[in-house]
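A short write-up of the structure that comes next.
Bear in mind that the values in this text are calculations on the coordinates, not laboratory data. Predicted model, so just to flag it, every value in this text is computed and none were measured. Glycine also receives a Cβ, built like all others from the backbone with ideal geometry; neighbour counts cover every protein chain displayed.
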Amino acid sequence: MSKDTDSPNKLEQRAKDFMQSFNTEDIKRRKEEQTVELRKSKRADMASKRRNFQASDREWIKVNDHYKPSYTLADLPELLEAMKSPEPERNLYAAQGFRKLLSIENEPPIQNVIDAGVVPVLIEFIKRHDFPQLQYESAWTITNIASGTHQHCQVIVEKGSIPLLVDLLRSSNEEVKEQAIWAIGNIGGDSPNCRDTILKYDGLNLIIRCVENSNKPSMIKNGSWAVSNLCRGKPSADYELVKCAIPLLAKIVESHHDADLLSDCLWALSHLSEGGEEKITNIIHSGCVPKVIQLLGHHLYNIQLPSIRIIGNIVSGTAVQTEFAISLGAAQGLSNLLTSSKKNIRKEAVWSISNICAGTQEQLDSLINADVFKKLASIVEHDEKMIKKEAVWALCNAAAAGRPDQVLHLVNCGVIPALCSLLNQNESKIITVALEGINRILKNGKESFSNEQGTNPFADILEECGGLSKLEDLQEHPNNAIYEKSRQVIENYFELEADENDNLIQLIKDNVQFSF
């Protein structure tokens with residue numbers, strides 16, 4: 001699958017797929033003929049010049065001038081015969097024929113080629129360090145086989161291709177190294193086991209070295225994509241083996257503008273920032289966080305989403321790490337995303353904000369200054385259920401951690417009616433969290449804002465928006481914890497007439513469930 005012609009919609013789907021552990025339909029790429037052949041004349045001339053510096057003086061053949069432009073399964077017998085020939089040029093003919101056969105866009109005959117016994121011979125061809133062009137064509141064919149199904153990829157792996165492909169990364173030939181990177185990226189994206197095997201053979205460090213020592217845009221792009229594949233997946237890779245990628249990824253994020261390149265590097269950094277203070281510290285020390293916060297405002301979904309993940313991971317760390325992100329504008333950047341048309345963007349932004357809400361009161365001030373809470377209240381009342389669940393946690397955290405003036409700000413932003421709107425949800429967890437948020441707000445109102453008559457203004461707001469009626473309805477809820485919590489809220493913050501109180505007590509007794 002070519003990365004150069006993706007539409008915005010395709011990029012969006014690609015980002016969604018990347019969120020999953022190993023979606024081989026997306027993270028693998030078949031090297032199609034059009035990806036390279038459009039530049040065939042210039043590339044062949046330049047490649048010939050570069051190869052003058054190789055240890056081998058074998059001429060780099062312009063295959064499109066010497067061989068057929070395309071092949072079908074009808075050519076398979078001839079290619080198999082050429083593959084077995086003792087003549088190196090005939091071997092090259094076979095290798096380029098197989099790679100062209102597998103470079104077609106629709107349903108390349110990968111299984112037919114495997115069944116013909118081609119893979120073991122290709123493995124032997126990539127050992128031919130005296131013939132870089134044969135290595136290149138063979139590695140390209142292996143790349144396209146690895147872009148198929150898991151079963152196709154396993155055929156290559158089981159034949160021992162990984163250490164040999166990793167060894168090609170030490171080649172003095174730029175084309176061979178880049179093709180090996182592409183093959184390794186496909187294999188590494190197939191499964192955690194393949195990824196870990198590549199890491200064991202030091203494939204990641206060698207790819208990083210190739211990218212760092214090259215000014216070639218395609219080498220940087222393909223290398224970054226391969227690095228990204230080796231840094232992701234569940235279960236996670238051994239952090240000690242992948243943390244070496246952070247400086248390179250951070251440098252690319254800071255200095256490049258290509259959408260695919262940015263997306264690949266950002267997703268890798270999002271995985272490398274998950275799971276603890278040390279990992280977050282390494283991301284911060286890489287120097288990329290200011291640019292990541294800037295990219296929160298990027299117009300492309302597949303750049304915004306991993307950027308939010310990175311910032312969300314940082315603000316889930318220590319207070320100092322969270323403060324670092326906030327000092328660079330994270331609060332405003334996340335606030336801007338709460339009104340995104342993309343539901344996953346809103347969901348991830350709310351999740352990140354929820355972590356800040358659980359922080360210090362100074363960090364809560366940053367959210368207030370970024371106009372977060374009116375937006376959260378609107379999300380709770382009007383958004384989709386999965387996003388409401390994240391938002392109610394954020395509001396509950398803020399109500400628990402806030403100073404009286406901060407809780408008053410929540411109330412002025414409409415948080416009480418918003419939380420009350422959740423009391424008739426059919427999911428107990430949402431109701432429970434909403435009740436906790438209501439309880440904390442009413443407690444704050446009673447302690448800090450009651451008038452001389454003891455009236456709690458926050459309780460008045462709750463009653464006016466129909467919240468008290470919903471609390472009373474919860475007395476008949478089948479979940480014991482919910483009706484008990486709602487009862488406590490009513491008793492602690494609302495004065496009932498004597499007959500109302502008697503009726504409430506009788507209602508509670510009628511609903512008490514005894515266990516023996």
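Values computed for the structure shown
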quantity	calculated
Segment 99-238, dipole about Cα centre (Lys/Arg Cβ +1, Asp/Glu Cβ -1), debye to the nearest 20	240
Cβ charges +1 (Lys, Arg) and -1 (Asp, Glu), total dipole of segment 196-339, debye	220
For segment 158-220 versus segment 320-335, the gap between their alpha-carbon centres in whole angstrom	36
Ranked packing of 440-447, 294-301, most packed first, by mean Cβ within 10 Å	440-447, 294-301
Residues S255 and S214, FRET efficiency given R0 of 22 Å [Cβ-Cβ distance, rounded to 0.05]	0.95
Note, ³J(HN,Hα) from phi for segment 416-425, Karplus 6.51, -1.76, 1.60, rounded to Hz, x at Gly and Pro	5, x, 5, 5, 5, 5, 8, 6, 10, 5
Potential lengthening between N193 and E495 on full extension [0.36 nm per residue; Cα-Cα distance subtracted]	102.3 nm
For q = 0.11, 0.24 Å⁻¹, Debye-computed log10 I/I(0) when each Cα of segment 293-364 counts as one equal scatterer	-0.22, -1.01
Cα centroid of segment 364-427 to Cα centroid of segment 442-476, whole Å	17
Compactness relative to 2.2 N^0.38 Å, alpha carbon Rg of segment 300-435	0.97
Derived scalar couplings ³J(HN,Hα) [segment 193-202; Karplus, 6.51 cos²θ - 1.76 cosθ + 1.60; whole Hz; x for Gly, Pro]	5, 5, 4, 5, 5, 4, 4, 4, 8, 6
Residue-wise HN-Hα coupling along segment 116-128, computed from phi with Karplus coefficients 6.51, -1.76, 1.60 (Hz; x: Gly, Pro)	7, x, 6, 4, x, 6, 4, 4, 5, 4, 6, 7, 7
Label-point separation in nm, E81 to E447, each point 7 Å along Cα→Cβ	9.0
Sites Q294 and E240 - FRET efficiency at Förster radius 30 Å, r taken between beta-carbons, to 0.05	0.50
Which listed pairs, of K251/K343; K429/K470; K243/K389; K100/K216, have C-alpha distances above 28 Å, in listed order	K251/K343; K243/K389
Top positive-direction residue, dipole computed over segment 53-206 with Cβ charges, set Y93, P69, P163	P163
Extended-chain gain in nm, criterion 0.36 nm per residue less alpha-carbon gap, E158 and I104	16.9 nm
